[in-house]
Amino acid sequence: MLSNTGNILLIGSIVSTFLIIYFTYQSLKERSFQIKKNIIYWSFLQITFVIASFLLLIFAFVFSDFSLLAVYQNSHTAKPLFYKISGVWGNHEGSMLLWINIMVLFSYLFFVFNNKTNSAFSLYTLVVQNILILGFLIFLIFDSNPFFKILPTPIEGLGLNPILQDPALAIHPPLLYLGFVGSSIYFSAAVAAILSNSNGKNFALSIKKWVLISWSFQSLGIIVGSIWAYYELGWGGFWFWDPVENASLIPWFCMTALAHSVLVLEKRNYLYNWVLILSLITFISSVTGTFLVRSGILNSVHTFANDPSRGLYILIFLSLMIFSSFIIFFKRRINDQFNLNAISKETFILGNNWFMMFYLATVFVGTIYPIFTQVLYNTNISVGPPFYNQVIAPILIPFLIFMAVGPKIGWVKSKFITYKPFFIIIVLSLLINFLISYFLKSYNLISNLIVISSLFLILHSLKDFITNVKSNSYLNLASFFSHLGFGILILFIVLNHNFSEEFDLNIKVGQTKKIGNMEIKFNNLKIENRENYNAVIGDFNIQDFQRNYLKKLNPEIRVYENPQTLTFESAINSNLKQDIYLTMSNIDGSDFYNIKFQVKPFMLWIWLAAFLTASGGLVRVFLKK
Amino acid sequence: MLFMKTKFLIIILLIFNINLSANENIGIDTKIFKNLRCLVCQGQTIAESNSDFAQTIKIVVRDKISQGSNEKEIYEFLSEKYGEWIVYKPKFNYINSLLWISPYIVLILGGYLIFKYFRKRRQ
């Protein structure tokens, strides 16, 4: 019953998508560029069908309707309500439906906002976006149908992977999807701008909001994912340069570059071709990342069902998308001339794009190179954190300095008039860095330079903010938040990286172990029965004699029944100064437990700074005066 | 102004005198564990993993350290035994040269394009 209703809604979506394409095409063929009633009508029906099908799937998960294969495979009656709902996108089929929902939502809103000003451009955008939607809908219905029925109906489901049963991970996919699926709208708009010979300035104005919105959500999605990895995976790290993380970072670099260069196009009408290319590759890299991760070519926790036919379909679709968009781009190349002065905001924005392309190239090459060596030389290599740290870290130094100076420079032509504050800030940054390394702990040359340049960025941003407030001149709050946030983020990441302490040891109940100035005492072990798992809880005392504190920490080992899994829950004591982090795991055939004990300074600052950075885009869109 | 310049110089000198070499808080063993892949896990390092394999490798690495091997020798020993897949930092050799070089090619090319544009404009 539910399966049939779901399928009818999906067919309704596909029919309305097809009709939108058909009616829009007619309107474009007649060259009337008239927005007919039926286009508006079918657009409304399309979004209704798509949202209804998604709500229906949520309904099926909430009421545990195991007649649906997707529900049976990913849910269980004993699961808390919250995780029944998040289970909707915790699997391939449901997440594809979420993907389509976001594409349709963005398409609808873009159309509503833009069809009054430039009808030819918005009609072309609508048609391109709906061709993409159609492609994904066909994929959904024939190859990943969330409403697929099983007979006879099972009485109980298989349950959701316990490591996905977590609040951060429940909101991580929708946030990330709003980011990189949202980028589909400026992919379509870019193709439409070329086809409709749209003016660069108008194009920039129409996509700017969407770039900023998707950038902010992409950033939030990445942050929430890292927070989850930090406390749930029990490794104490928050960024692993894993293929999945890289797949989310590559579109983020494109979006960041685009969010900056689109301003040049808006204000000066330059860099049109470059903005078009960035708009195209953002969505292309998003789909490529999804393809690599989902298909299992790159091994990761995001690999759901390992089905070759799915991979093949996405690959063909992706190739068609890249091929046709770039043919359109090169055939109708727009001749844009630009006339920049060396010291101007435009140049600094080009600088931003230059660095972004370097980071993108590094991450891209690092991610796909293992595939390349395997195919060509039959050798497996691993490209991990040491590679990325070594290549990326030194280039952060000039980048941070560019970032500090850029916002202050004026459009068209500007001069460095104020050398004095510039030098005062440099001296201050050097001094603070000196104090940190003198009183806390010294670190290597590159770390020194990164700390100095991030301090330079922080102080410079603050100084600009204060002078702007004093003189009551125009203040770009969005750029202030993001740049300041990024400076703080890098500063604390480097300090955290250098000051973290880790200990790995085996311990029995009742034992006390001494490490340096600290003492770890394993008091006892108890077992508790919880909602859908049993917990083995360790009771530890951590005593620091030097800093004089005593902390109680209770890491857990959780034993889930459906499906049968063990998870290791970290115990974290968090304050503004540091996180004290403890995980324990059992050792087979022994009454010893392996514990990992870590002292990680400034973790809260890292999260706060990351949120501050991400807030910039939303501030610009929603608080603009 | 002269005073500031001297102060500036003193601070620069101080900073670069303090420490030019890395000083890691974590022991050399943990540092090595972090650069090794746990071959039986999904994208975890030896430091992070709870598996038996990771426990074995930890013992091997600690043994090697106590025998006096340095970091590089340990990586080489392990890659010979388990293949290059186990080390997270690929060696710079013929096969991996493009991996290490291509990011810088992009950096130099981008810089060159921007530079060329401004030089042409000045003429």
Label-point separation in nm, residue A:82 to residue B:62, each point 7 Å along Cα→Cβ: 3.9 nm
Computed helical MRE - 222 nm, chain A, DSSP H runs ≥ 4 contributing -39500 (n - 2.57), nearest 500: -22000 deg cm²/dmol
Mean projection area, nm², convex hull over Cα of the protein assembly as shown: 36.2 nm²
Dipole magnitude (debye, nearest 20) for the protein assembly as shown, charges at Cβ of Lys, Arg, Asp, Glu: 3600 debye
Shielding by partners, peptide B:49-55 (average Cβ within 10 angstrom, other chains): 3
Where labels lie 7 Å past Cα in the beta-carbon direction, separation of residue A:109 and residue A:51 in nm: 1.2 nm
Table column - 3J(HN,Hα) (Hz), the stretch A:194-210, Karplus curve with 6.51, -1.76, 1.60, x for Gly and Pro: 5, 5, 9, 6, 6, 6, x, 4, 5, 4, 4, 4, 6, 8, 3, 3, 5
Additional length obtainable on full extension of the chain from residue A:471 to residue A:552, 0.36 nm per residue less Cα span: 24.0 nm
Only Lys, Arg (+1) and Asp, Glu (-1) charged, at Cβ; the stretch A:166-339 dipole about Cα centre in debye: 820 debye
Potential extension, residue A:427-residue A:155 segment - 0.36 nm per residue separation minus Cα distance: 90.9 nm
Centre separation in Å (Cα based) which lies between the stretch A:92-115 and the stretch A:143-158: 26 Å
10 Å Cβ neighbours from other chains, averaged over peptide A:382-390: 6
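Going by C-beta contacts inside 10 Å, put A:437, A:219 in order with the fewest on the left.
A:437, A:219
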Amide hydrogen neighbours beyond the local backbone of residue A:382, cut-off 5 Å, H modeled: B:87
Sparsely packed chymotrypsin sites (Phe, Trp or Tyr not before Pro) within the stretch A:419-511, loop by DSSP, other Cβ within 10 Å at most 15: A:474
Longest DSSP-loop-exposure-free segment, GluC sites (Glu not before Pro), chain A, at most 10 other Cβ within 10 Å: A:31-530
Inter-part distance where the stretch A:453-512 and the stretch B:72-123 are each reduced to a Cα centre, Å: 29 Å
For the stretch A:213-220, Karplus couplings with θ = phi - 60° (6.51, -1.76, 1.60), whole Hz, Gly/Pro x: 4, 5, 4, 4, 5, 4, 4, 4
Average beta carbon contacts from partner chains per residue of B:101-108, 10 Å cutoff: 6
Check: the stretch A:1-132 dipole with +1 on Lys, Arg Cβ and -1 on Asp, Glu Cβ, in debye: 360 debye
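Quick note: the coordinates plus some simple rules give every number you see, no bench work behind them. Just so we're clear, the structure is a prediction, and the values are computed from it rather than from any experiment. All Cβ positions, glycine included, derive from the backbone under ideal geometry; neighbour counts span all protein chains shown.
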